[in-house]
Amino acid sequence: MKKVLKNKAIVISFLIVVSLTLFSCLQYSINNKKMVVYYENLKENCRQNMESKSNCDAILQLEVPKLDTYTIFFSIVVDGPLRILCEFGPLFILIPAIWCLSKEMKNSFIKNYSLRDNYKNYLKHVLKSAYKCVWILPVVMIIVFVISCFLAKGNFNYFYALEHSYSTFDEQYLSHFGLFFISFILNLLFFSIFYANLGLIYVKKNKSIVVAIIEAYLTFIGIEIVNEVIITTFFYKILHIEIQYLLNIYDIYSYKYVFGIFPYLIVGFMCAFLSTLIVFFCYNNKEKTIIDCEMIKEV
């Protein structure tokens, strides 16, 4: 843990996401208090002016929504400022992952490591260094859940939210929330590994950290476009199966469409698994990796 905290890029990335999280939670709390005041003002106006009795009867029966922990959690994640993670979440993993290895690549760390140990252990070191930041998004979501529990005052009864259409997610997720939340965190972990792998693929050949980050992020966008335009079109037109929202790697937080828990998890796992295979392919040749690092050093 100490080694992780020594990496400034990881610490900065985590602090930025946590700050955004706290701001989102604060904004939700403020909006909720405004709603309470608004309801109270309506009722007070009715008590003072009973001319339109029919309308006032309805207003006096209004209650502030008694939202549960689950609904507040997903409202903060999906509808608040934290939604920026859908588009830019990968950068909070890509940047520290690339930053961790870029200096090593430029300093010919691989040569010194090879003198003391074999190349397979070096590959393990590369993965370990890049994956030091994959905990950021899962931990942040756990923090959001704890804060949501506090805002809901420990209320886990989601039936009121479902009945009054406040709930963001389908009942099939809420009724098995323990299993769903575990899969939700695991899915974030898989996608974080996927983001880190994109960084690993490009850091080896780029002298500039900025260029490596941009190329990795554009690859992420490109994969999303391929999913949306080619793969989903193929499944829909040829197999008559609509999987557009299932393969949407931009929005991995909302689960707005009912596919079940495990299909989403499988997509995340496949992204992590396939990208890891590509990383092994890119770093499999020891001599080529050393040459790439030497080219970076010479620039």
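The values are calculated or read from the model by the stated rules, or taken from the named source; none is laboratory data. From a predicted model like this one, the values you see are computed outputs, not experimental measurements. No Cβ is skipped: glycine too gets one built from the backbone with ideal geometry, and neighbour counts run over all protein chains shown. The accessibility values were calculated without ligands, DNA or RNA, using every heavy atom of the protein model including side chains. Shrake-Rupley method; radii C 1.70, N 1.55, O 1.52, S 1.80 Å.
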Check: Filtering segment 244-299 down to residues that are part of a loop (DSSP other than H, G, I, E, B) and closer than 20 Å to K204 by Cβ, which residue is modelled with the highest pLDDT?
Finding: N284
Check: For E228, which of the numbered conditions (1) at pLDDT 80 or above; (2) more than 17 Å from the chain's Cα centre (by Cα); (3) outside any helix (DSSP H, G or I) fails to hold?
Finding: (3)
Note to self: I'd like to know if segment 31-50 contains one or more residues that are within 30 Å of I95 (Cα to Cα) and at pLDDT 70 or above.
What the structure shows: no
Check: Are any residues in segment 164-188 open to solvent by 60 Å² or more (accessible area, probe 1.4 Å) and either under 21 Å from L85 (Cβ atoms) or at pLDDT 85 or above (or both), and if so, which ones?
Finding: I182, L186
Item checked: Breaking point among (1) modelled with pLDDT under 75; (2) surrounded by 13 or more Cβ atoms within 10 Å (Cβ to Cβ), for H240 -> (2)
Item checked: Where a residue in segment 273-291 is open to solvent by less than 70 Å² (accessible area, probe 1.4 Å) and its partner, wherever it lies, is at pLDDT 80 or above and part of a helix (DSSP H, G or I), with Cβ under 6 Å and at least six apart -> S275/F194; S275/N197; T276/N197; V279/N197; V279/L200; C282/I201; Y283/L123; T289/Y283
Notebook entry, point to check: For segment 95-117, what are the residues that are at pLDDT 80 or above and open to solvent by 40 Å² or more (accessible area, probe 1.4 Å)?
Noted result: I95, W99
Notebook entry, point to check: If only one of A161, A196, A216, A212 is modelled with pLDDT under 85, open to solvent by less than 60 Å² (accessible area, probe 1.4 Å) and in a helix (DSSP H, G or I), which one is it?
Noted result: A161
